[in-house]
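Everything on this sheet refers to the single structure shown next.
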There are 2 protein chains.
Amino acid sequence: MPEFSPVFREQLHDLFRWRRDVRHFRRDPLPEPVLDGLLRTACLAPSVGLSEPWRFVRVDDPHRRAAVRSDFARCNARALSDRAGVDAQRYARLKLAGLDDAPHHVAVLSHPEPAQGRGLGRGTMPQTTTWSTVMAIHTFWLAATAAGIGVGWVSIIDPERIKAMLDVDPALELVAYLCVGYPARPASTPELERRGWERRAPERREWIRR
Amino acid sequence: MPEFSPVFREQLHDLFRWRRDVRHFRRDPLPEPVLDGLLRTACLAPSVGLSEPWRFVRVDDPHRRAAVRSDFARCNARALSDRAGVDAQRYARLKLAGLDDAPHHVAVLSHPEPAQGRGLGRGTMPQTTTWSTVMAIHTFWLAATAAGIGVGWVSIIDPERIKAMLDVDPALELVAYLCVGYPARPASTPELERRGWERRAPERREWIRR
């Protein structure tokens, strides 16, 4: 086990602080070994019972991508129509996905009842399986950010429709649809803060104690 | 936005590779500012709509801790009784939690419908709220590992009972119960691999393509 220096820990803190949900991408693709390396790194994530339930699907087919974009547009229009007044105006101004420009689309699915791990640790909390896949996505995101590569997590989609579009095993659960590529602009304040949608909660000075 | 060097990226890869679910702890507590700093770092995690739904509860009361340990023992005995033969023998040999020795217990809960974020991004996939809390836990885990501090995620518990024991808002969802402290021994092969329970899947050479 390596020892991590104070310099490394400071940079790790910077990485957490500067990781962004990227929605503006350059169109040039990543070198194939780079994307491949990031996907392998994601597989180092923790998983309950060492079950490694994640399944990564690279979506390259232009027809499938167009279908995903339409589904996003449909779901986003519905989300807008549920809002009114200033709230709706603000929502309409947000750029919520980089599906058009991102050179890579990666769907992340999760096996809900993996044989691997033999059920250990999930008896009373079966959701820990899906949560393992969430940590694989987060691992991918951090490794990408450290390499100057942007990731945007699109959740304004209908997971069942997306699974059908991708023609994957219907037993799998869709956890995320990721846009991946070089960011078109340097990271700054998160889009949602910049456009006045939401800000971080004031730093907590006290934790709940029991 | 800082640039991250190849050296940093290599160390980050080491961090992913060496992060462990720690189950053997020394009993000496962390300096208070260290634990506090790790919890603040956890709050830098991504969250859907910037909703920051995580709630950290430090469990110090010896009676509550004892109750949690009993619940683990009960759930673990049941998990063992569901197994037979070699499987049961192997399960019985595993050390699955460090609840007795870990100087700190941290329960992590999640607000299922936070006002913050105003519902953005979770309309079609409401689970993204809980998943944000999972990424906060993973952030905590990585920051701790980089600081030489061990974290063990206990999931063999009944989440509803634990919430009652902790007397927290019943609307919150229990996501994890963490043991935190200095590891009693250096990280090596994961316990589940070392004891022949499960191994990592052979490295995937191909990703699903669509």
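Miscellaneous remarks
- Scan of segment A:19-41 for residues that are under 19 Å from residue A:97 (Cβ atoms), surrounded by fewer than 18 Cβ atoms within 10 Å (Cβ to Cβ) and at the interface with chain B (Cβ under 9 Å from one of its Cβ atoms), ordered by number: none
- Scanning segment A:60-78 for residues that are more than 22 Å from residue B:123 (Cβ to Cβ), at the interface with another protein chain (Cβ under 7 Å from one of its Cβ atoms) and not in a loop (DSSP other than H, G, I, E, B) yields a single hit, A:64.
- Filtered by the rule that a residue be small (Gly, Ala, Ser) and open to solvent by less than 10 Å² (accessible area, probe 1.4 Å), segment A:42-61 gives A:42, A:45, A:49, A:51.
- Checking residue A:95 against (1) touching a residue at least 12 places away in the same chain (Cβ under 8 Å); (2) farther than 17 Å from residue A:42 by Cβ; (3) outside any loop (DSSP other than H, G, I, E, B), the condition it does not meet: (3)
- Residues located in segment B:70-119, provided they are among the charged types (D, E, K, R) and surrounded by 19 or more Cβ atoms within 10 Å (Cβ to Cβ): B:71
- Pair list, Cβ < 6 Å and 6+ apart or interchain, from segment B:186-198 residues that are within 8 Å of chain A (Cβ to nearest Cβ) to residues that are in a loop (DSSP other than H, G, I, E, B) and crowded, with 17+ Cβ neighbours inside 10 Å: B:187/B:20; B:192/B:198; B:198/A:117
- Tabulated pairs, segment A:1-23, first within 20 Å of residue A:150 (Cβ to Cβ) and part of a helix (DSSP H, G or I), second modelled with pLDDT under 95 and among the hydrophobic types (A, V, I, L, M, F, W, C), C-beta under 8 angstrom, 6+ apart or interchain: A:18/A:187; A:18/B:1
- Counted residues, segment A:114-132 - those being more than 24 Å from residue B:162 (Cα to Cα) and touching a residue at least 40 places away in the same chain (Cβ under 8 Å): 4
- For segment B:1-14, the set of residues classified as under 20 Å from the mean Cα position of the chain (by Cα) and more than 7 Å from chain A (Cβ to nearest Cβ) is empty.
The values are calculated or read from the model by the stated rules, or taken from the named source; none is laboratory data. Keep in mind the model is a prediction, meaning the values are calculated, not measured. In this analysis, Cβ positions are derived from the backbone assuming ideal geometry, glycine residues included, and neighbour counts consider all displayed protein chains. We work out accessible area using only protein heavy atoms, side chains counted, and drop any ligands, DNA or RNA first. Shrake-Rupley method; radii C 1.70, N 1.55, O 1.52, S 1.80 Å.
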